[in-house]
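Everything on this sheet refers to the single structure shown next.
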Amino acid sequence: MHLHGNIPTMLSDEVRMYLTELGSSWSGAGYAVECGAWLGGGTAALADGLSLAGYDRPLCVYDKWKANREEVFKAKFGHVNVVENQNLEPIFRDFATPHCNGFDLKTYQGWIERAIWCGHPIEIWLLDAAKREGPFYGALKAFGPSWIPGVTTVGLLDFGFYRKFGDDPKGELYLEQAAFIDRFNDRFELIEDFGPNDSPAFFKYVEPIDWEEEI
C-alpha cells in the first residue's frame with residue numbers, strides 16, 4: 001500500500017511517476033480514459049501530467065466504486081475509513097478533482113465490461129481492473145475501436161498480476177491480458193514493463209485490430 005499525497009493506492013512510486021510523465025506527453029489527438037480507479041491515486045498522478053500538457057477535455061473514469069471487504073481494509077491502512085458496500089465515488093472525486101487543472105473529471109459508475117463509450121478517439125487508455133477473460137474482453141470491445149493506431153498508449157496495470165502467484169495454478173486465471181498482447185504482438189509496441197515485482201505494462205497501439213472480426 002502506498003499514498004499519492006493522502007490518497008491510498010496500490011501503485012508504486014515508479015508507476016505513479018510514469019503516469020504523470022504519460023499525461024504530460026498528451027498531444028491533443030484524443031481523450032484520456034481510465035478504467036478502474038478506486039480512490040484515485042493513479043487518476044491524480046495522470047491528471048497532474050495532463051494538467052502540465054494543457055489537457056482540455058474531460059478525463060473520463062470508470063469504476064464500480066462499491067467497497068468490498070478487501071478495499072475496506074486497504075483504505076483503513078491508508079487512514080481512510082469506509083464500510084463494506086459503501087459508494088466510494090464521492091471520496092474518489094474529493095481526492096482526484098484537485099489534480100484536474102483546466103479540465104473536468106467525468107465519472108461513470110458501474111461494471112467496466114458493461115461500459116459504453118461515446119466513440120471519441122482515445123489517446124490514453126488505462127485499465128486497472130477486469131483481469132479475467134470475460135470482463136477484460138468486454139472492456140476491450142467497448143473502448144478498443146476508439147484507439148488511434150500509432151498514437152494510443154494502452155496501460156494494462158494488471159498485466160503481470162499472474163506473476164504474484166508463482167507456480168500456483170490460480171495464476172492462470174489472470175493470464176488474459178498477457179495472452180491478448182501475445183496474440184496481437186504485431187499490433188503493439190512495448191513501451192514500459194515494470195517487471196516481475198510490479199504488474200503494470202504500457203504499450204503503443206501501432207497497427208489496427210479489426211474489432212468486429214478478430215475479437
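Derivation of every value follows stated rules applied to the coordinates shown; laboratory data play no part. Fair warning: this is a prediction, and the values are worked out from it, not measured in the lab. All Cβ positions, glycine included, derive from the backbone under ideal geometry; neighbour counts span all protein chains shown.
Starting from the Cα gyration tensor of the range 46-116, take the square roots of the eigenvalues, sort them a ≥ b ≥ c, and report rounded, prolate or oblate (rounded when a/c is under 1.5, otherwise prolate if a/b is larger than b/c, else oblate). Could you put the intermediate results ahead of the total?
Working: a/c = 2.94, a/b = 1.56, b/c = 1.88.
Because a/c hits 1.5 or more and a/b fails to exceed b/c, the range 46-116 counts as oblate.
Calculate the dipole size of the range 1-119 relative to its Cα centre from +1 charges on Lys and Arg beta carbons and -1 charges on Asp and Glu beta carbons; express the result in debye to the nearest 20.
Working: 10 positive and 14 negative charges, 56 e Å.
It works out to roughly 260 debye.
May I ask you to list the lysines whose Cα is less than 23 Å away from that of Lys170, ignoring any residue fewer than eight positions away on the same chain?
Straight-line reach from Lys170, under 23 Å: Lys74, Lys131.
Based on the Cβ-Cβ distance from Glu214 to Ser24, what FRET efficiency comes out when R0 is 30 Å, to the nearest 0.05? Please report the intermediate quantities before stating the final value.
Numbers: r = 33 Å, r/R0 = 1.09.
Efficiency computed from Cβ-Cβ geometry: 0.35.
How large is Rg/Rh for the range 91-169, to two decimals, with Cα atoms and a Kirkwood Rh? All intermediate terms of the calculation are to be shown ahead of the outcome.
Values: Rg = 14.9 Å, Rh = 14.7 Å.
Over the Cα atoms of the range 91-169, Rg/Rh equals 1.02.
Do the sum for the chain: with -39,500 (n - 2.57) for every DSSP H run of n ≥ 4, divided by all residues, what is the mean residue ellipticity at 222 nm, to the nearest 500 deg cm²/dmol?
Calculated mean residue ellipticity at 222 nm is -8500 deg cm²/dmol.
About the Cα centre of the chain, what is the dipole size in debye to 20, counting +1 per Lys and Arg Cβ and -1 per Asp and Glu Cβ, all else neutral? List each step's numbers first, then the result.
Values: 19 positive and 33 negative charges, 147 e Å.
Using only the charged Cβ atoms, the result is roughly 700 debye.
List the pairs from Lys106/Lys164; Lys64/Lys164; Lys66/Lys204 whose alpha-carbon separation is above 27 Å, in the order I gave them.
Over 27 Å Cα-Cα: Lys106/Lys164; Lys66/Lys204.
Report, ordered by chain and residue number, the aspartates and glutamates lying within cross-link reach of Lys76, taken as a straight Cα distance under 14 Å and ignoring same-chain residues fewer than 8 apart.
Output for Lys76: Glu84.
Would you mind classifying the range 1-71 by shape? Square roots of the alpha carbon gyration tensor eigenvalues, ordered a ≥ b ≥ c; an a/c under 1.5 is rounded, otherwise it is prolate if a/b is larger than b/c and oblate if not. Please report the intermediate quantities before stating the final value.
On the way: a/c = 2.76, a/b = 1.51, b/c = 1.82.
In terms of gyration-tensor shape, oblate.
Thinking of the chain as a set of Cα atoms, what percent of all their pairs are more than 22 Å apart?
Values: 10965 of 23005 pairs.
Tail fraction, whole percent: 48.
Rounded if a/c is under 1.5, else prolate if a/b is larger than b/c, else oblate: which is the range 25-144, with a ≥ b ≥ c the root eigenvalues of its Cα gyration tensor? Walk me through the numbers before you get to the answer.
Numbers: a/c = 2.24, a/b = 1.23, b/c = 1.82.
It comes out oblate by the Cα gyration axes.
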